[in-house]
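The values are calculated or read from the model by the stated rules, or taken from the named source; none is laboratory data. Model, not experiment: these values are computed from the prediction. Here the Cβ is made from the backbone with ideal geometry for all residues, glycine too, and neighbour counts use every protein chain on show. Surface accessibility is based on the protein's heavy atoms, side chains included, excluding ligands, DNA and RNA. Shrake-Rupley method; radii C 1.70, N 1.55, O 1.52, S 1.80 Å.
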Amino acid sequence: MKEVKIKDIKLNPFEIIGNGWMLISAGNNKSFNMMTASWGHLGALWGHGLNGKPTAEVFVRPSRYTDKFIKSNDYFVLSFFNHEQHKKDLLYLGSHSGKNENKLSKTKLHVIFKDGLPCFKEANLTLICKKIYKGKIKKEGFIDKSIIKEFYSSNSLYNAASWHNVYVGEVVKIYNA
(Lines give C-alpha, C1' and ligand atoms only; values in the text may rest on other atoms or scores of the structure.)
Protein backbone atom coordinates (compact mmCIF):
# COMPACT_ATOMS: atom_id res chain seq x y z
CA MET A 1 0.00 0.00 0.00
CA LYS A 2 1.24 3.45 -0.81
CA GLU A 3 -0.18 6.77 0.33
CA VAL A 4 -1.73 8.90 -2.42
CA LYS A 5 -3.16 12.40 -2.54
CA ILE A 6 -6.92 12.89 -2.74
CA LYS A 7 -6.58 14.85 -6.00
CA ASP A 8 -5.08 11.74 -7.62
CA ILE A 9 -8.09 9.51 -6.88
CA LYS A 10 -10.54 8.88 -9.70
CA LEU A 11 -13.53 6.81 -8.64
CA ASN A 12 -17.25 6.38 -8.99
CA PRO A 13 -18.71 6.28 -5.43
CA PHE A 14 -21.98 4.77 -6.68
CA GLU A 15 -20.07 1.84 -8.11
CA ILE A 16 -17.51 1.19 -5.38
CA ILE A 17 -20.01 1.48 -2.51
CA GLY A 18 -23.36 0.41 -3.95
CA ASN A 19 -22.20 -2.36 -6.25
CA GLY A 20 -18.71 -3.11 -4.98
CA TRP A 21 -19.33 -2.82 -1.25
CA MET A 22 -16.75 -1.81 1.32
CA LEU A 23 -15.48 -2.90 4.69
CA ILE A 24 -15.87 -0.49 7.57
CA SER A 25 -13.34 -1.24 10.28
CA ALA A 26 -12.36 0.41 13.54
CA GLY A 27 -10.19 -0.35 16.52
CA ASN A 28 -6.47 -0.93 16.97
CA ASN A 29 -3.91 -3.72 16.82
CA LYS A 30 -5.20 -5.20 20.09
CA SER A 31 -8.93 -5.18 19.32
CA PHE A 32 -10.84 -4.34 16.16
CA ASN A 33 -13.79 -5.39 14.06
CA MET A 34 -15.06 -4.92 10.54
CA MET A 35 -18.35 -5.15 8.67
CA THR A 36 -19.41 -5.10 5.05
CA ALA A 37 -21.47 -2.12 3.91
CA SER A 38 -23.15 -1.10 0.69
CA TRP A 39 -24.55 2.19 2.00
CA GLY A 40 -22.46 5.31 2.37
CA HIS A 41 -21.37 8.61 0.88
CA LEU A 42 -18.13 10.20 -0.24
CA GLY A 43 -17.81 13.91 -0.93
CA ALA A 44 -16.98 17.27 0.57
CA LEU A 45 -18.61 18.89 3.57
CA TRP A 46 -18.17 21.88 5.87
CA GLY A 47 -16.17 24.21 3.69
CA HIS A 48 -16.43 26.18 0.49
CA GLY A 49 -15.19 25.15 -2.94
CA LEU A 50 -11.82 23.47 -2.75
CA ASN A 51 -11.71 24.10 1.02
CA GLY A 52 -14.51 21.63 1.76
CA LYS A 53 -13.36 18.79 3.98
CA PRO A 54 -13.10 15.51 2.05
CA THR A 55 -15.55 13.31 3.93
CA ALA A 56 -16.98 9.83 4.12
CA GLU A 57 -20.34 9.11 5.71
CA VAL A 58 -21.28 5.66 6.94
CA PHE A 59 -24.46 4.24 8.42
CA VAL A 60 -24.18 1.55 11.10
CA ARG A 61 -26.94 -0.01 13.19
CA PRO A 62 -26.23 0.14 16.95
CA SER A 63 -26.77 -3.63 17.09
CA ARG A 64 -23.70 -4.22 14.91
CA TYR A 65 -20.57 -5.15 16.85
CA THR A 66 -18.52 -2.76 14.67
CA ASP A 67 -20.58 0.18 15.97
CA LYS A 68 -18.98 -0.27 19.41
CA PHE A 69 -15.54 0.14 17.84
CA ILE A 70 -16.48 3.20 15.79
CA LYS A 71 -18.05 4.86 18.86
CA SER A 72 -15.03 4.28 21.07
CA ASN A 73 -12.30 5.29 18.60
CA ASP A 74 -11.38 8.55 16.89
CA TYR A 75 -10.92 6.94 13.47
CA PHE A 76 -12.59 4.43 11.19
CA VAL A 77 -11.31 2.89 7.96
CA LEU A 78 -13.06 2.21 4.67
CA SER A 79 -11.54 -0.51 2.51
CA PHE A 80 -12.53 -1.20 -1.09
CA PHE A 81 -11.75 -4.41 -2.98
CA ASN A 82 -12.09 -6.10 -6.32
CA HIS A 83 -15.69 -7.11 -5.62
CA GLU A 84 -15.85 -10.24 -7.75
CA GLN A 85 -12.57 -11.60 -6.41
CA HIS A 86 -13.55 -11.00 -2.75
CA LYS A 87 -17.34 -11.31 -2.89
CA LYS A 88 -17.42 -14.52 -0.81
CA ASP A 89 -15.26 -12.95 1.91
CA LEU A 90 -17.28 -9.73 1.95
CA LEU A 91 -20.52 -11.71 2.20
CA TYR A 92 -19.13 -13.67 5.15
CA LEU A 93 -17.89 -10.57 6.97
CA GLY A 94 -21.26 -8.89 6.46
CA SER A 95 -23.34 -11.81 7.71
CA HIS A 96 -21.36 -12.98 10.77
CA SER A 97 -20.55 -11.15 13.98
CA GLY A 98 -17.03 -10.64 15.25
CA LYS A 99 -18.58 -10.71 18.70
CA ASN A 100 -19.15 -14.46 18.34
CA GLU A 101 -16.09 -15.57 16.38
CA ASN A 102 -12.87 -14.50 14.72
CA LYS A 103 -14.70 -14.04 11.44
CA LEU A 104 -11.64 -12.70 9.62
CA SER A 105 -9.98 -16.11 10.05
CA LYS A 106 -12.77 -17.62 7.91
CA THR A 107 -11.79 -15.44 4.93
CA LYS A 108 -8.82 -15.01 2.64
CA LEU A 109 -8.29 -11.41 3.75
CA HIS A 110 -5.29 -10.30 5.81
CA VAL A 111 -5.31 -7.40 8.25
CA ILE A 112 -2.38 -4.99 8.26
CA PHE A 113 -2.10 -1.93 10.45
CA LYS A 114 -1.48 1.48 8.92
CA ASP A 115 -1.21 4.35 11.36
CA GLY A 116 -2.26 1.85 14.06
CA LEU A 117 -5.58 1.19 12.29
CA PRO A 118 -6.93 -2.07 10.82
CA CYS A 119 -6.58 -2.10 7.03
CA PHE A 120 -6.51 -4.97 4.56
CA LYS A 121 -3.63 -6.14 2.40
CA GLU A 122 -6.02 -7.08 -0.44
CA ALA A 123 -7.79 -3.68 -0.60
CA ASN A 124 -7.46 -1.65 -3.79
CA LEU A 125 -8.27 1.58 -1.96
CA THR A 126 -8.21 2.45 1.74
CA LEU A 127 -9.56 5.64 3.31
CA ILE A 128 -8.48 6.61 6.83
CA CYS A 129 -11.27 8.73 8.32
CA LYS A 130 -11.13 10.92 11.43
CA LYS A 131 -14.54 10.90 13.08
CA ILE A 132 -15.97 14.45 13.11
CA TYR A 133 -19.72 13.91 13.55
CA LYS A 134 -22.11 11.33 14.95
CA GLY A 135 -25.86 11.46 14.48
CA LYS A 136 -28.81 9.15 14.10
CA ILE A 137 -31.36 8.45 11.41
CA LYS A 138 -34.72 9.51 12.85
CA LYS A 139 -38.23 8.51 11.83
CA GLU A 140 -39.47 12.11 11.74
CA GLY A 141 -36.81 13.04 9.19
CA PHE A 142 -38.26 10.87 6.43
CA ILE A 143 -40.20 12.56 3.68
CA ASP A 144 -40.56 9.28 1.78
CA LYS A 145 -42.24 7.11 4.43
CA SER A 146 -41.96 3.95 2.28
CA ILE A 147 -38.28 3.78 3.27
CA ILE A 148 -39.34 3.25 6.90
CA LYS A 149 -41.45 0.24 5.97
CA GLU A 150 -38.76 -1.25 3.75
CA PHE A 151 -35.70 -0.72 5.96
CA TYR A 152 -36.84 0.01 9.52
CA SER A 153 -39.94 -2.00 10.33
CA SER A 154 -39.80 -5.30 12.20
CA ASN A 155 -41.32 -7.08 9.18
CA SER A 156 -38.93 -5.58 6.60
CA LEU A 157 -36.63 -7.70 4.49
CA TYR A 158 -33.81 -6.47 6.74
CA ASN A 159 -35.67 -7.39 9.96
CA ALA A 160 -34.51 -4.04 11.21
CA ALA A 161 -35.98 -2.59 14.34
CA SER A 162 -33.12 -0.15 15.04
CA TRP A 163 -32.24 3.14 13.39
CA HIS A 164 -28.77 3.61 11.94
CA ASN A 165 -26.10 5.70 13.60
CA VAL A 166 -24.52 8.11 11.13
CA TYR A 167 -20.80 8.78 11.27
CA VAL A 168 -19.05 11.44 9.22
CA GLY A 169 -15.29 11.15 8.96
CA GLU A 170 -12.81 13.53 7.44
CA VAL A 171 -10.68 11.57 4.99
CA VAL A 172 -7.17 12.23 6.32
CA LYS A 173 -5.17 9.61 4.40
CA ILE A 174 -5.67 7.48 1.32
CA TYR A 175 -3.78 4.34 0.39
CA ASN A 176 -3.77 2.54 -2.96
CA ALA A 177 -2.65 -1.02 -3.59
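Picking from 130, 114, 106, 136, which residue would you name as being free of Cβ contacts under 8 Å to residues at least 60 places away in the same chain and more than 16 Å from the chain's Cα centre (by Cα)? Talk me through it step by step, then tell me what you get.
Working: 130 fails: more than 16 Å from the chain's Cα centre (by Cα); 114 fails: free of Cβ contacts under 8 Å to residues at least 60 places away in the same chain; 136 fails: more than 16 Å from the chain's Cα centre (by Cα).
After ruling out the rest, the residue left standing is 106.
With the structure loaded, tell me whether residue 132 is touching a Ser or Thr at 6+ places or on another chain (Cβ under 8 Å), among the aliphatic types (A, V, I, L, M), within 23 Å of residue 72 (Cβ to Cβ) and open to solvent by 30 Å² or more (accessible area, probe 1.4 Å) or whether it fails that test.
Details: touching a Ser or Thr at 6+ places or on another chain (Cβ under 8 Å): yes; among the aliphatic types (A, V, I, L, M): yes; within 23 Å of residue 72 (Cβ to Cβ): yes; open to solvent by 30 Å² or more (accessible area, probe 1.4 Å): yes.
Spelling it out, residue 132 is indeed touching a Ser or Thr at 6+ places or on another chain (Cβ under 8 Å), among the aliphatic types (A, V, I, L, M), within 23 Å of residue 72 (Cβ to Cβ) and open to solvent by 30 Å² or more (accessible area, probe 1.4 Å).
Quick test for you: out of 101, 84, pick the one residue that is surrounded by fewer than 12 Cβ atoms within 10 Å (Cβ to Cβ) and in a helix (DSSP H, G or I). Before the answer, list the steps.
Working: 101 fails: in a helix (DSSP H, G or I).
Of 101, 84, the one residue that is surrounded by fewer than 12 Cβ atoms within 10 Å (Cβ to Cβ) and in a helix (DSSP H, G or I) is 84.
Give 147, 112 a once-over and let me know the one that is outside any strand (DSSP E or B) and either charged (D, E, K, R) or open to solvent by 50 Å² or more (accessible area, probe 1.4 Å) (or both). Steps first, please.
Working: 112 fails: outside any strand (DSSP E or B).
Within the list 147, 112, the selection yields 147.
Just checking, which of 87, 108 is of a type in the set (Lys, Arg) and at pLDDT 95 or above?
Numbers: 87 fails: at pLDDT 95 or above.
Matching residue, one of 87, 108: 108.
Which numbered condition trips up residue 123, out of (1) assigned to a loop (DSSP other than H, G, I, E, B); (2) open to solvent by 10 Å² or more (accessible area, probe 1.4 Å)?
Single failed check for residue 123: (2).
Looking only at the range 57-80, filter to residues that are assigned to a loop (DSSP other than H, G, I, E, B) and modelled with pLDDT of 95 or more; which one of those is least open to solvent (accessible area, probe 1.4 Å)? Show your work before the answer.
Initially, the range 57-80 is screened for residues assigned to a loop (DSSP other than H, G, I, E, B), giving 61-64, 72-74.
From what's left, modelled with pLDDT of 95 or more: 72-74.
Working: 72: 85, 73: 37, 74: 103 Å².
Out of the qualifying residues, it is 73.
Among the residues of the range 44-56 satisfying the criterion of being more than 15 Å from the chain's Cα centre (by Cα) and of a type in the set (Gly, Ala, Ser), which is surrounded by the most Cβ atoms within 10 Å (Cβ to Cβ)?
Here the answer is 44.
Got at least one residue in the range 104-117 being over 29 Å from residue 45 (Cα atoms) and polar (S, T, N, Q)?
yes
Applying the selection to the range 19-30, what residues are surrounded by 13 or more Cβ atoms within 10 Å (Cβ to Cβ) and either of a type in the set (D, E, K, R) or on the phi < 0 side of the Ramachandran plot (or both)? Write out each step before concluding.
In the first step, residues of the range 19-30 are kept if they are surrounded by 13 or more Cβ atoms within 10 Å (Cβ to Cβ); the result is 20-28.
Listed by number, the residues that qualify are 20, 22, 23, 24, 25, 26, 28.
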